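The values are calculated or read from the model by the stated rules, or taken from the named source; none is laboratory data. None of these values were measured; they are calculated from a predicted model. Using ideal geometry, Cβ is built from the backbone for each residue, glycine included, and neighbour counts are taken over all protein chains shown.
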Amino acid sequence: MRVLVAGATGVVGRQLVPLLTATGHEVIALSRGGRRQEDPAAGVETVTADALDREALEAAVQKARPDAVVHLLTAIPAELDPRKMEEQFALTNRLRTEGTRNLIAAAQAAGATRIITQGLAYAYDPDGGVGSHSAGAANEDAPFWNEPPKQWRTSLEALKDLERQTAEAGGLVLRFGHLYGPGTAFAADGSTIRQIKAHKMPIVGKGSATFSFTHTHDAATAVVAALTRTSGAGPVTGALNIVDDEPVLLRDWLPAVAEMAGAKKPGKAPAALARLAVGGWGVAFMTRLRGADNARARLELNWRPRYGSWREGFAAELGQ
């Protein structure tokens with residue numbers, strides 16, 4: 001299968017390209033061009049276009065002649081300020097709306113029959129709703145956040161738009177959890193681990209946010225599985241949570257990861273005080289997130305994470 005990967009140089013793309021090649025697929029990487037570091041891998045075909053330039057993108061995709069298109073495009077800064085989410089995610093939100101529209105149109109014009117896009121598994125409404133089990137983790141039927149903090153509303157609307165467009169195209173959204181692994185904020189040299197080591201990431205309030213983690217390699221293996229896996233009605237469509245087997249409270253994972261990183265035990269901060277520093281979204285991120293359930297992905301894709309527990313994955317990444 002000829003697979004066009006948009007976002008081949010991102011943290012998931014860098015894991016995905018060699019896996020696709022190793023499993024017999026022909027990979028074409030979509031690059032904006034102009035920067036040597038965007039070369040995805042030796043021997044991989046590359047086409048050049050900006051996903052926000054519809055005409056250039058259509059020409060590039062026509063040249064690639066893909067059977068499938070994988071949309072992993074984001075532009076998330078290495079250092080995030082929760083108070084400036086709208087500003088820092090403006091380009092990513094455009095890639096999730098305009099970029100998705102352009103990429104799907106180009107893919108369909110070029111005859112591609114499979115479209116896979118990247119979503120998020122931590123956008124679920126923390127106040128519950130359908131799609132729960134006893135542990136509180138959300139399955140794919142659970143609603144997205146009904147009243148998110150102001151700083152995250154634009155991003156949530158962009159995610160909803162990406163999912164709507166993917167569904168209308170008969171594609172599949174893979175909802176990744178909190179990504180960790182090489183190149184991420186949770187890598188040994190990543191921004192989150194640096195904050196933990198500098199004792200600048202306390203447990204806010206009761207640390208009651210539930211995280212579902214996804215190693216970048218596990219995200220990539222899910223994409224590979226999704227390309228060829230079929231159900232009785234054809235290719236798997238809709239949305240699937242691609243997360244590990246162990247949703248975990250922030251107050252549990254943060255001290256454990258700090259210890260693995262050789263850092264001091266994290267301090268504690270009242271939510272009201274933390275709000276002054278990180279805003280409403282920053283507090284919600286540490287106190288209100290809902291975990292996700294991966295049972296449907298296991299069944300429909302026959303997918304299994306290499307790291308069933310975040311403990312195993314972080315120990316491997318941080319050298320423990």
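Taken over region 57-76, the criterion of being part of a helix (DSSP H, G or I) and either buried (at least 18 other Cβ atoms within 10 Å of the Cβ) or at pLDDT below 95 (or both) is satisfied by Leu57, Glu58, Ala60, Val61, Ala64.
Taking the numbered list (1) surrounded by fewer than 22 Cβ atoms within 10 Å (Cβ to Cβ); (2) over 19 Å from the mean Cα position of the chain (by Cα) in turn, Val224 passes all entries but (2).
Conditions tested, residue by residue: (1) of a type in the set (Val, Ile, Thr); (2) outside any helix (DSSP H, G or I); (3) in contact (Cβ under 8 Å) with a residue 24 or more places away in the chain.
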site	(1), (2), (3)
Thr97	yes, no, yes
Arg101	no, no, yes
Ala107	no, no, yes
Asp127	no, yes, no
Glu147	no, yes, no
Trp152	no, no, yes
Glu163	no, no, yes
Leu174	no, yes, yes
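Does at least one position in region 132-151 carry a residue that is of a type in the set (Lys, Arg), modelled with pLDDT under 95 and out of contact with any Leu (no Cβ under 8 Å at 6 or more places or on another chain)? Looking for residues that are of a type in the set (Lys, Arg), modelled with pLDDT under 95 and out of contact with any Leu (no Cβ under 8 Å at 6 or more places or on another chain), one finds at least one in region 132-151, hence yes.
Within region 243-259, the set of residues being surrounded by fewer than 19 Cβ atoms within 10 Å (Cβ to Cβ) and either more than 30 Å from Ala220 (Cα to Cα) or touching a Leu at 6+ places or on another chain (Cβ under 8 Å) (or both) is empty.
Within region 300-320, the set of residues being assigned to a loop (DSSP other than H, G, I, E, B), under 14 Å from Glu246 (Cβ atoms) and among the small types (Gly, Ala, Ser) comprises Gly308, Ser309. With Ala274, Ala297, Ala263 as the choices, which residue is among the hydrophobic types (A, V, I, L, M, F, W, C), more than 17 Å from the chain's Cα centre (by Cα) and either part of a helix (DSSP H, G or I) or surrounded by fewer than 16 Cβ atoms within 10 Å (Cβ to Cβ) (or both)? Only one candidate qualifies: Ala274. Within region 238-283, the set of residues being closer than 30 Å to Gln165 by Cβ and small (Gly, Ala, Ser) comprises Gly238, Ala239, Gly279, Gly280, Gly282.
Here Glu79 fulfils each of the conditions (1) assigned to a helix (DSSP H, G or I); (2) more than 16 Å from the chain's Cα centre (by Cα) apart from (1). From the list Arg194, Arg229, the lone residue that is without any contact (Cβ under 8 Å) to a residue 12 or more places away in the chain and more than 19 Å from Tyr122 (Cβ to Cβ) is Arg194. Within region 232-252, the set of residues being within 13 Å of Arg311 (Cβ to Cβ) and in contact (Cβ under 8 Å) with a residue 60 or more places away in the chain comprises Asp244, Asp245, Glu246, Pro247, Val248. In region 88-101 there is no residue matching the filter, namely being over 21 Å from the mean Cα position of the chain (by Cα), at negative phi and modelled with pLDDT of 95 or more.
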